[in-house]
Amino acid sequence: MWDETSRRIKILAVIVVGVIGLLIARLVWMQLVQGTQYKKIAEENRIRQITMQAPRGSIYDRNGAVIVANRPSFAVSIIPNEYINGQVATPLLESITGVTAEEIGKLLNANKDFPFSPVRIKRDVDEATVAKIEERQYYLPGVIIEAIPSRQYVYKELAAHVMGYVGNISEDEYEERKSWGYHPNDLIGKDGLEREWEEVLKGTDGARQLEVNAEGKEVRPLGDRPSISGRGLVLTLDVNLQKAAETALAEQVEASRKLGQPAKGGAVVVLDVKTGGVLVMASNPAFDPNMFAGGISSRNWNQLMKNPNNPLNNRAIQNAYPPGSVFKIVTSAAALEMNLTTPQEVFDDKGVYVLNGWSFYGWQTKGLGKLTVADALAWSSDPVFYELGRRLGSDNLASYALTFGLGKLSGIKLAGEAKGIVPDSEWKQINYGEPWYPGETLIAAIGQGYYLATPLQQALLAQAVANGGIVYKPMLVDKTLTPQGNLVEKLQPEVLRTIYLRPEVWDTIRQGMIGVTAHGTGAAVFQGFPKTVAGKSGSSETGRGTTHSWFACYAPAESPEIAMAVLVEEGGEGSMAAAPVTRRVLEAYFGLKNKPVLPATRTD
């Protein structure tokens, strides 16, 4: 028994000694015989870990058309830990890329805590730049060419203010988001949906490990962690309708200029009255967001900044204007609901209204004659609304304006929305240190004076009439999707407010707005249009001798589907500029062939 155990112990000992002997022999061989070779490999070959930028999520219109996507591009990048010859390399890099030595230094300093992560010096470079870098690789240690996705705005300027753009993350943005995994070299949404939906659109970066030699050339890949694309957005926008609106607006701006008007630009907003979905949000002039995708040049940035018509401004929500005669909808509602007039009362428009010895003229100085409230809306009678304003007083008028949502944010998920102004006697005292004068109430009743509203607010005003007081929060995103296109979330309509007026009040306002296009101020423009449109034209004076042109409407009047507002900034009077744009957008929405638009006889 003992002899057998002893034999087994001896065999095991021999095996252990043999294995140890082999290991010692291998170690001696590597250290003494091949030590010089392995030392050279250790010195010359390094592990490089490259961040693989994740593609941002794509953006689609309501019908599935791709609006924003990604395309392959090249970036010139620096691995800080390998950039060992900066005194020579930086001037050479500056001459090739056009990025100043100072800017290169700033970028490297901002990324000093990430010595092994590529710092992108210039994005979206052309093939000639790539070739120059590769030809001079010996003099540019640590400089690499990365293949990265670049943002592509498929339709260029189309809906640019809604899409927004991306840019390099700022110091403040990085400090706020570094705990979320952001790096100082990341791109981030700067405006529009790119900004507001950043957390959804941004993907998860991947990484690639490479073995490289002393010259920075790849020896072999060691492993990949794939990037994960951001989630997609399906919008409420209709690209075809957006295109029709932008084209009509741009052509009208040019036409107004030829007629001697300044016509600085304009806006179109079209809403789905049953959901608040934004079908169109156009702002003119616009810009091409592709300029920002690879880093905007100083030349292009200065051109945008120096343009007196401010192409970066989203006129649909960020600029507020006197609402003009579109505001008469509010004045009518307030006077009728407070029983200060009735649908049957007849007024006499003599072309002028006198208050305390002061004369306030209407657009038709000869007078429009006998009119009910509905007639006054159809023909936009200033004297009738002067009288209604006098009966209401400034504070009651302001109260109803607030009820309709003027002077308030709509809550649309875009940055920079303006509230506008709803003035009352207290507001006047606070802002001007003066009392409210009776004549100012008359001016306010026709949407002039201190009142300011955005095109979106005017569209919501039309939506309120179409829906009998139900106003939906305007929404731009309908769904979010996985990178594979599967549904993540379906967003639901949200009621923003409900305006309670008696049915006969809504009926009177609707009757007046239908009268605008049937026989009133917009009849010439809408002559022969096969759908019934309930609208309101407006002309708001700027105080500089020019006039903003407005038109707000909903259609079809019998069973409303859309509400819209059109503004041509300093484009002339209401039906002369804004109404023709409105008709063309409605023709596009209803699939009607464009017909010549007749000039209006009355342009308020």
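The charge dipole of the range 324-417, taken about the Cα centre with unit charges on the Cβ atoms of Lys, Arg (+1) and Asp, Glu (-1), comes to about 140 debye, rounded to the nearest 20. Packing, taken as the mean count of other beta carbons within 10 Å per residue, orders the peptides 165-172, 471-478, 382-389 from highest to lowest as 382-389, 471-478, 165-172.
Between Asp288 and Leu340, the FRET efficiency from the beta-carbon distance, with R0 = 51 Å, is close to 0.50. The fewest-to-most ranking of Glu504, Glu146 by surrounding Cβ atoms within 10 Å reads Glu504, Glu146. Computed from point charges on the beta carbon alone (+1 for Lys and Arg, -1 for Asp and Glu), the dipole magnitude for the chain about its Cα centre is near 1080 Debye.
Among bridges DSSP assigns within the range 47-235, what percent are antiparallel (round to 5)? Intermediate values should be presented prior to the final figure.
Numbers: 34 of 36 bridges.
Around 95 percent of the beta bridges assigned by DSSP in the range 47-235 are antiparallel ones.
From the square roots a ≥ b ≥ c of the eigenvalues of the alpha-carbon gyration tensor of the range 235-279, which class results: rounded (a/c under 1.5), prolate (a/b over b/c), or oblate?
On the way: a/c = 4.26, a/b = 2.57, b/c = 1.66.
In terms of gyration-tensor shape, prolate.
Charges were assigned to the Cβ only: +1 to each Lys and Arg, -1 to each Asp and Glu. The resulting dipole of the range 47-235 about its Cα centre is roughly 420 debye. Here the contact order of the chain, divided by its residue count and restricted to Cα pairs under 8 Å and six or more residues apart, works out to 14 percent.
Annotation for Thr532 and Trp358: the two label points, set 7 Å from Cα along the Cα-Cβ direction, are 4.0 nm apart. For Ile144, enumerate residues with amide H under 5 Å from its amide H, sequence gap 5+ or separate chain, H modeled in the peptide plane. Answer set, sorted by chain and number: Ser77, Ile78, Ile79.
Structure note, pairs Lys408/Lys593; Lys366/Lys531; Lys274/Lys408: Cα-Cα distances above 26 angstrom occur for Lys408/Lys593; Lys366/Lys531. Straight Cα distances below 15 angstrom link Lys490 to the aspartates and glutamates Asp61, Asp478, with same-chain residues fewer than 8 positions distant left out.
Defining a contact as two alpha carbons under 8 Å apart and six or more residues distant in sequence, what relative contact order in percent does the range 47-235 show? If you can, show how the numbers build up before the last one.
Numbers: 369 pairs, mean separation 65.9, N = 189.
Worked out over the range 47-235, it gives 35 percent.
For the range 258-316, relative contact order (Cα pairs under 8 Å, six or more residues apart, normalised by length) works out to 36 percent. Each of His548, His161 has some number of other Cβ atoms within 10 Å of its Cβ, and from fewest to most they run His548, His161. Residue-wise HN-Hα couplings along the range 259-266, as the Karplus relation 6.51 cos²θ - 1.76 cosθ + 1.60 with θ = phi - 60° gives them from phi, are 8, x, 8, x, 6, 6, x, x Hz; Gly and Pro carry x. When Rg and Dmax are taken over the Cα atoms of the range 390-446, they come to 12.9, 39 Å.
Considering all alpha-carbon pairs of the range 533-575, what whole percent are spaced by more than 15 angstrom? Before the final figure, lay out each step's value.
On the way: 396 of 903 pairs.
The proportion of pairs with Cα distances above 15 Å equals 44 percent.
Convex hull over the alpha-carbon atoms of the range 424-570: what's its volume per residue in Å³?
Numbers: hull volume 29.5 nm³, N = 147.
So the per-residue hull volume is 200 Å³.
Derived scalar couplings between HN and Hα for the range 351-368 equal x, 8, 10, 10, 9, 6, x, 9, 9, 10, 8, x, 5, 9, 5, 7, x, 9 Hz in order, rounded to whole Hz, by the Karplus curve 6.51 cos²θ - 1.76 cosθ + 1.60 (θ = phi - 60°), x for Gly and Pro. Karplus-based coupling profile of the range 174-188, in residue order and whole Hz: 5, 4, 6, 10, 5, 5, 8, x, 6, 10, x, 9, 6, 8, 8, with θ = phi - 60° in 6.51 cos²θ - 1.76 cosθ + 1.60 and x standing for Gly or Pro.
Computing Rg and the Kirkwood Rh from the Cα coordinates of the chain gives a ratio, Rg/Rh, of 1.20. Near the amide H of Gly265, within less than 5 Å, lie the amide hydrogens of Glu569, all on another chain or at least 5 residues away, with H placed in the peptide plane.
Note the full-extension length gain between Ala101 and Lys413 as 0.36 nm times their separation in residues minus their Cα-Cα distance, in nm to one decimal.
Values: separation 312, 0.36 × 312 = 112.32 nm, distance 3.92 nm.
The span from Ala101 to Lys413 would gain 108.4 nm if fully extended.
Each listed q (0.08, 0.11, 0.13, 0.16 Å⁻¹) maps to a log10 I(q)/I(0) for the range 288-447, found by the Debye formula over equal Cα scatterers with no solvent: -0.35, -0.58, -0.72, -0.92.
Prolate is the label for the range 443-529. Its Cα gyration tensor axes, ordered a ≥ b ≥ c, give a/c of at least 1.5 and a/b above b/c. Please compute P(r) over all alpha-carbon pairs of the range 47-235, binned at 10 Å starting from zero, and give each bin as a whole-number percent. Here the calculated profile for the range 47-235 is 9, 34, 35, 18, 4, 0. Relative to a virtual label point 7 Å from the Cα of Thr498 in the Cα→beta-carbon direction, which members of the range 432-475 show backbone nitrogen distances below 18 Å? The answer is 463-474, whose backbone nitrogens lie closer than 18 Å to the label point.
In the chain, the DSSP beta bridges split such that about 95 percent are antiparallel, to the nearest 5.
Readers should treat all values here as calculations from the given coordinates under stated rules, not as data from a laboratory. Small disclaimer: the values here were computed from a predicted structure and weren't measured. With ideal geometry, Cβ positions are generated from the backbone for all residues, glycine too; neighbour counts draw on all protein chains shown.
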